[in-house]
């Protein structure tokens with residue numbers, strides 16, 4: 001037993017994490033659970049039911065407005081045809097009227113206010129430092145870049161709670177630049193922006 005533990009103090013050695021462990025924990029907090037648990041109607045054979053989910057594929061071209069991006073690879077359970085077009089249509093129907101939560105909006109606004117305040121401070125420092133305008137990008141970008149991981153983690157933490165008490169959100173795709181989730185326990189729809 002260590003001297004700190006004998007005195008009743010916490011043993012901080014157990015709380016230390018390496019940078020690699022912290023990065024892995026951060027990555028896991030942002031990771032999406034991919035899937036699709038909503039019925040679709042096949043355009044080829046007319047079968048209506050749960051599609052066969054065979055994984056997901058990354059896509060880097062995301063649309064704006066109400067254009068959907070589906071990452072799940074979905075096949076018809078009867079004929080095996082691709083159901084991406086049907087899933088895209090279903091995603092628009094399901095999520096176009098879903099509002100972004102107030103907590104998400106507050107995080108976005110607070111980050112924008114912070115970025116604006118940093119821009120003002122950077123310009124004032126450059127003016128009072130005798131015209132050192134090369135300092136503006138450094139003073140503006142460094143603190144903002146340091147806060148981006150915290151910002152992303154706070155947005156991702158919204159998925160940790162659900163009205164049903166047992167949050168199990170499945171990532172269904174993107175509608176414009178909003179991430180669309182559905183709780184697999186209660187069916188609640190959640191749309192987030194980061």
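Data overview
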{"item": "Rounded tilt (10° steps) of 102-128 against the dominant C-alpha axis of the chain", "result": "40 degrees"}
{"item": "Gain in span if fully extended, residue 32 to residue 79, counting 0.36 nm per residue against the direct Cα distance", "result": "14.0 nm"}
{"item": "Cα-based helix-to-principal-axis angle, 19-30 vs the chain, degrees rounded to 10", "result": "40 degrees"}
{"item": "Label selected from (i) 171; (ii) 206; (iii) 229, the criterion being volume of the Cα convex hull per residue in Å³ as computed here", "result": "(ii)"}
{"item": "Shape category assigned to the stretch 102-192 from the gyration tensor of Cα positions, a/c cut at 1.5", "result": "prolate"}
{"item": "The stretch 40-95, relative contact order [Cα under 8 Å, separation at least 6], %", "result": "38 percent"}
{"item": "Value of [θ]222 nm, deg cm²/dmol, for the chain, DSSP H segments ≥ 4, -39500 (n - 2.57) each, nearest 500", "result": "-13500 deg cm²/dmol"}
{"item": "Counting DSSP beta bridges with both ends in the chain, the antiparallel % (nearest 5)", "result": "95 percent"}
{"item": "Relative contact order for the chain, counting Cα pairs under 8 Å that sit 6 or more residues apart, in percent", "result": "23 percent"}
{"item": "Spatial separation of Cα centroids for the stretch 103-155 and the stretch 29-88, in angstrom", "result": "38 Å"}
{"item": "Helix axis angle, 135-157 relative to the chain longest principal axis, alpha carbon, degrees", "result": "50 degrees"}
{"item": "Cα pair distances in the stretch 40-95, grouped into 10 Å bins until the bin that holds the longest one, percent each", "result": "25, 52, 22, 1"}
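Every number here is computed from the coordinates shown, using simple stated rules; none is lab data. Please read all numbers here as calculations on a predicted model, not as lab measurements.
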